[in-house]
Amino acid sequence: MPFFGGDSWFYMVWMLNMNAAIFGVLSIIPTYLSGKEAFGKRAGILAALLLAVSAASLSRSHATIAVHDSWTLFFVICAFYFYLRALKTLTRRRWVDNWFQRSSVQTGLKTFFQENRKSVLYAFLAGLSVGVTALSWQGWAYVPVILTLIFLVEVLLDRIRNQDAMGVTILFMIILATPLLISFPWYAVRNLIHVWWDVPFYLFLVAAALGVVFTVTRDYPWTLVIPGTFLAGGVGLLVGFTVNPALLYAFYSGAGYFVKTKVYSTIAEAQEPGMSELILSFGMFTFGIGLMAAGWMIWQIPKRNNPAFTMLVLWTFGALFMAMAAARFIFNAAPVMALATGYARRASGRPAPAPSARGPRSTWPRSGTPSRTRRSTSPRRTAGSTPRTRTCRSPIGRPSWRGGTTGSRSRSAAATRSSRTPSRTGTGSPGRSSWPRTRARQSPS
């Protein structure tokens, strides 16, 4: 190379190794942002730390030979992060009043894109990230599979809850249509449309049609719409499998990863990993805690009406399932295991419940004026500290430990009360009240 001199092959290999190292380290950033966005800052920090020291991540990124896996994983994590942001910034309501009136549909779509510009932008960025993955790796189809699974579960839940799924459907169509359009010329030139591109395209068509049907029929009983839709969809798939038998095998075998052929049996990374390999790849702590947290997250889905939470849970289980099906995907499941462990940290470290709005419990004093006194909620005093006097409620303003009532409103109320009520000492002065602002508890004489 003219800029470095020496052996060009050596520098080419060096650049490939640097590419793996750089993007392996950069993958920590979207992992942290995803954890922070979903579960909080501490969960994001823990997820980033676990990904940085995970054997599954180190084996194919910044401590390995020159491979493209760290490059593709970086953009996959970015895609799911942008999808998470798109769902969290989405405004959900009924945008179209009547789907059978053209003017209503046009007005609803126009209003949706005007009020959800940020969500649409995040969806487009997610689609660009998937498009980079599609142009970098022919096995990118697993990303549309997980995205389609997330979308189908979400629209089913929305349909059962009688919620409008138009926004979620539009975001999904943007996310998956963008990489299909970007990658089509490259796969067409190389004659790979029927090998690596067609399955994501068919998934997009089926999922988009299902989302449109569930959105339009939102006012009809879901007990009739869902069975009828699946029946019609099954008939359509049967016709498609009859016309193109290879499509049936592609869906059934997962492009060869789930149903192993003789060719796949010769590829080491396409074999099912053992339990010991999974535990050693993720780490005993991350694997155990993350697996239990993933199960707990699945349990929480029906209780949470949150598309972003549903997306993260299904991403976790989709990546775990593919990691157990082929050792090749252990590396791709490293971020979601780290995020699941971060969620376990958040779930186990919940703050104590907030005090009741009625305030601290009140008790009657043992002696003195029969006024209700507040029990002290301050921490137990230590040796050498100044004792605080327990006081009753001020007859004018709000209670305080020292200095009586505070604020201009309390002072004005005190002046009004003092002008109307004679002083306690009997002077009857119309000026400042001589009532004591605090009253120490008296001991019985």
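FYI, it's all coordinate maths here, none of it is from the lab. Predicted model, so just to flag it, every value in this text is computed and none were measured. As a convention, Cβ positions derive from the backbone with ideal geometry for all residues, glycine included, and neighbour counts pool all protein chains shown.
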How do 226-232, 331-337 rank on mean C-beta neighbours within 10 Å, highest first? 331-337, 226-232
Quick one: which of 39-47, 306-314 comes out on top by average Cβ neighbours within 10 Å, and what's the full order, highest first? 306-314, 39-47
The local net charge around GLU37, scoring Lys/Arg +1 and Asp/Glu -1 for residues other than GLU37 whose Cβ lies under 12 Å from its Cβ, equals +4
Length gained when the stretch PHE10-GLN101 is fully extended (0.36 nm per residue, less Cα-Cα span): 26.2 nm
Local electrostatic count, PHE100, Cβ distance below 15 Å [Lys/Arg +1, Asp/Glu -1]: +1
Whole-Hz couplings from phi, Karplus 6.51/-1.76/1.60, listed for the range 228-239; x for Gly and Pro: x, 5, 5, 5, 5, x, x, 5, x, 5, 4, 5
Cα extents of the range 8-348 along the three principal axes, largest first, in whole Å? 65, 50, 38
Considering only the other residues whose Cβ falls under 12 Å of the Cβ of LEU84, what net charge follows from Lys and Arg at +1 and Asp and Glu at -1? +2
Diffing the range 123-136: the Karplus 3J(HN,Hα) column from phi (6.51, -1.76, 1.60, θ = phi - 60°), in whole Hz with x for Gly and Pro, holds 5, 5, 5, 4, x, 4, 5, 5, x, 4, 4, 5, 7, 9
